[in-house]
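Each remark here refers to the structure printed beneath this line.
Since every read-out is calculated from the coordinates, none of them should be taken as a lab result. It should be emphasised that the depicted structure is a prediction, and the values quoted were computed from it without experimental measurement. All Cβ positions, glycine included, derive from the backbone under ideal geometry; neighbour counts span all protein chains shown.
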Amino acid sequence: MPKRVLSGIQPSGQLTLGNYIGAIQNFVKLQETHECFFMVVDLHAVTVPQEPAALREQTEAVAALFIAAGIDPAKASVFAQSHVPAHAELGWLMTTLTYMGELERMTQFKDKAAGKESVGAGLFVYPALMAADILVYNADLVPVGDDQKQHLELTRDLAQRFNTRFGDYFTIPEPYIPKIGARIMSLDDAAKKMSKSNPNPASFIALLDPPDMIRKKISRATTDSGREVAFDPAGKPEISNLMSIYAHCAGVTLEEIAGRYEGQGYGAFKKDLAEHVVAALEPLQARYREIRSSGEIGDILKRGAERVSAIANQTLADVKERMGFLAPR
Ligand code: AMP
Ligand code: TRP
């Protein structure tokens, strides 16, 4: 039996090169060897306010980006989280197994809640829903960027807790995180992760940014005052971040990059980097436009949800039985 893979991305704003390198590139790789489930986590997106029309548009856009990036709906199931109601129901059951203290320790919650006057309760309990997303398919592997590691740890703890209380049932999932590029940083500040929610658009590269905008953003990316293209995340975080991006977009190693630009300074490196990013994203952008105009996404999501629903519903029924819910007649 091939191992089972599950991951999700929120439809809340434009996807960035960070999402692509941290997560989507691995989705595309894993679909060749694993049974894959990739979803647009719309139920997670509404943990912060979303404009209804924008949520609908973004849900389709993220699904289309999955396909444009190379996910083949014949190999992997692509679906919207809200189309499979078992996620929400198991999410509730997982919430009842989760301790307040565990949720209070989540750094993503602390970041997102910082400085806000009122914070939705959904944002707080969201990691229990994420655990349900993974456990409802008994997934073995979860490809994510580094920032999701803590949520994965909680998922593993909840699976263990359920197994201890109600008998062995859940697979304990493993994170699958890229060795380099697990945390792509902002172009204007290498202390912050690249994020679509950063108000400064020069800080991130969106997957749908036009080529000239990509060139401009890279040429203006912050670097230190040295000139040696060397990988040293602690001492030279900016250039190291750009080297990680280069390695993923050009398909070369960090050593090859360092060798290529020895004695040349940052100018030549950045110029080539921009061309590699453009070359990686241009075909994706062209496919994206085709898919959006073909109107196929609705059908792809429908078929995906149909395929995965039987598994999710079975898990939910098993879990409810173990927890002592009376079976409906
Ligand atoms: P999100 O956009 O928060 O739904 O994230 C979707 C996926 O992309 C998750 O697996 C994240 O860990 C990953 N991701 C988001 N931002 C970055 C980043 N800057 N570097 C690497 N991975 C990222
Ligand atoms: N929490 C993830 C993020 O913010 C998205 C997500 C929701 C997810 N459910 C998931 C990722 C299940 C992996 C598996 O990026």
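Bridges between two residues of the chain, per DSSP, are antiparallel at a rate of about 10%. Legend: distances between Cα atoms for 193/271; 110/216; 116/216; 179/270; 110/320; pairs beyond 28 Å are 110/216; 116/216; 110/320.
Take 15-26, 214-225 and order them by the average number of nearby Cβ atoms within 10 Å per residue, most first; the result is 15-26, 214-225. Where in region 23-40 is the amide nitrogen less than 13 Å from a point lying 7 Å along the Cα-to-Cβ axis of residue 192? Counting only backbone N, you get no residues. Computed from the C-beta positions of residue 107 and residue 202 and an R0 of 25 Å, the FRET efficiency is 0.50 to the nearest 0.05.
The average projected area of the chain, computed from the convex hull of its Cα atoms over all directions, is 18.3 nm². Distance between the modelled labels on residue 160 and residue 88, one decimal in nanometres: 3.2 nm (7 Å Cα→Cβ projection).
With 0.36 nm allotted per residue and the present C-alpha distance subtracted, the residue 327-residue 271 stretch has 13.8 nm of extension available. Grab the beta carbon distance between residue 169 and residue 55, set R0 = 25 Å, and tell me the FRET efficiency rounded to 0.05. For residue 169 and residue 55, the calculated efficiency is 0.15.
With only Cα atoms counted, region 201-289 has Rg and Dmax values of 12.9, 41 Å. For residue 220 and residue 117, the FRET efficiency from 1/(1 + (r/R0)^6), where r spans their Cβ atoms and R0 equals 35 Å, is about 0.55. A simple spin-label model places pseudo-atoms 7 Å from Cα toward Cβ; at residue 99 and residue 258 they are separated by 4.3 nm. Within the chain, what's the longest run with no GluC sites (Glu not before Pro) in a DSSP loop and at most 12 other beta-carbon atoms within 10 Å? Give the range, please. Longest site-free region, per DSSP loop and neighbour criteria: 118-261.
Spin-label model, residue 306/residue 289: points 7 Å from Cα along the beta carbon direction are separated by 3.2 nm. In loop segments of region 43-107 as defined by DSSP, the chymotrypsin sites (Phe, Trp or Tyr not before Pro) with at most 12 further C-beta atoms inside 10 Å of their C-beta are 99. If only the Cβ of Lys and Arg carry +1 and only the Cβ of Asp and Glu carry -1, the dipole of region 204-329 around its Cα centre is close to 560 debye.
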